Amino acid sequence: MKTLFVDHGICLSCHSCEIACAVAHSQSKTLFGAIAQEYPPRARVHVEPVGAGGFPLQCRHCDDPQCVKACVTKALYIDAVSGTVQHNESRCIGCTMCILACPFGAIEEQPRAENQCAISKCDLCLEQAAEPACAGACPTGAISFKSSEAYSQDKRRAYLVELTATAENK
């Protein structure tokens, strides 16, 4: 299964991922259309400041998701095909138990019609054919969407390049 990986060392804190996420979850799928919506979509990724840079944080789609266990209406569930934690908004009553249960703070309230509130969380843009909007919009590649094996292989290669460059400079 592919997942989102973050290299906070190259994150510029530009918030491009947040904008792309909000647009991807808008009705119009365009920036200007999203801004004009009665209930503008919220980003499901949040760039949190870390030192001089930032760290894009979103749902980690845990193997043992506490948010799913806390959801009294079963609006949060593990998708059988993708293995990701998904949300059925029509079942959500806005009780916010999932927000309390999430150890990452990756779930938040999302205003919707009739002053009701549902939640908003990363769905890995499963409706899109390619990668999640946040990964596609990241100008530095700080957010990548790949398998854990590919991520580990990339890290090993980067380490070896650095190691051999250091050895050559001695």
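The values are calculated or read from the model by the stated rules, or taken from the named source; none is laboratory data. Treat the numbers as computed from the prediction; the structure is a model and nothing was measured. Using ideal geometry, Cβ is built from the backbone for each residue, glycine included, and neighbour counts are taken over all protein chains shown.
Just a yes or no: is a residue in region 82-102 of a type in the set (D, E, K, R), under 30 Å from Ile10 (Cα atoms) and in contact (Cβ under 8 Å) with a residue 24 or more places away in the chain? No.
The strands (runs of 3 or more DSSP E) found wholly in region 76-170 and carrying at least 3 residues that are among the hydrophobic types (A, V, I, L, M, F, W, C) occupy 117-120.
Residues that are exposed (fewer than 13 other Cβ atoms within 10 Å of the Cβ) and aliphatic (A, V, I, L, M) do not occur anywhere in region 82-94.
Listed here are the residues, each with its yes/no results for (1) surrounded by 15 or more Cβ atoms within 10 Å (Cβ to Cβ); (2) over 19 Å from the mean Cα position of the chain (by Cα); (3) over 24 Å from Cys138 (Cβ atoms).
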residue: Ala34; (1), (2), (3): yes, no, no
residue: Pro40; (1), (2), (3): no, no, no
residue: Arg44; (1), (2), (3): yes, no, no
residue: Cys67; (1), (2), (3): yes, no, yes
residue: Val72; (1), (2), (3): no, yes, yes
residue: Tyr77; (1), (2), (3): yes, no, yes
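When Gly136, Gly105 are checked against the criterion of being on the phi > 0 side of the Ramachandran plot and out of contact with any helix residue (DSSP H, G or I) (no Cβ under 6 Å at 6 or more places or on another chain), Gly105 stands alone in meeting it.
For region 113-170, taking the residues that are at pLDDT 95 or above and of a type in the set (Val, Ile, Thr), the one that is farthest from Ile10 (Cα to Cα) is identified as Ile143.
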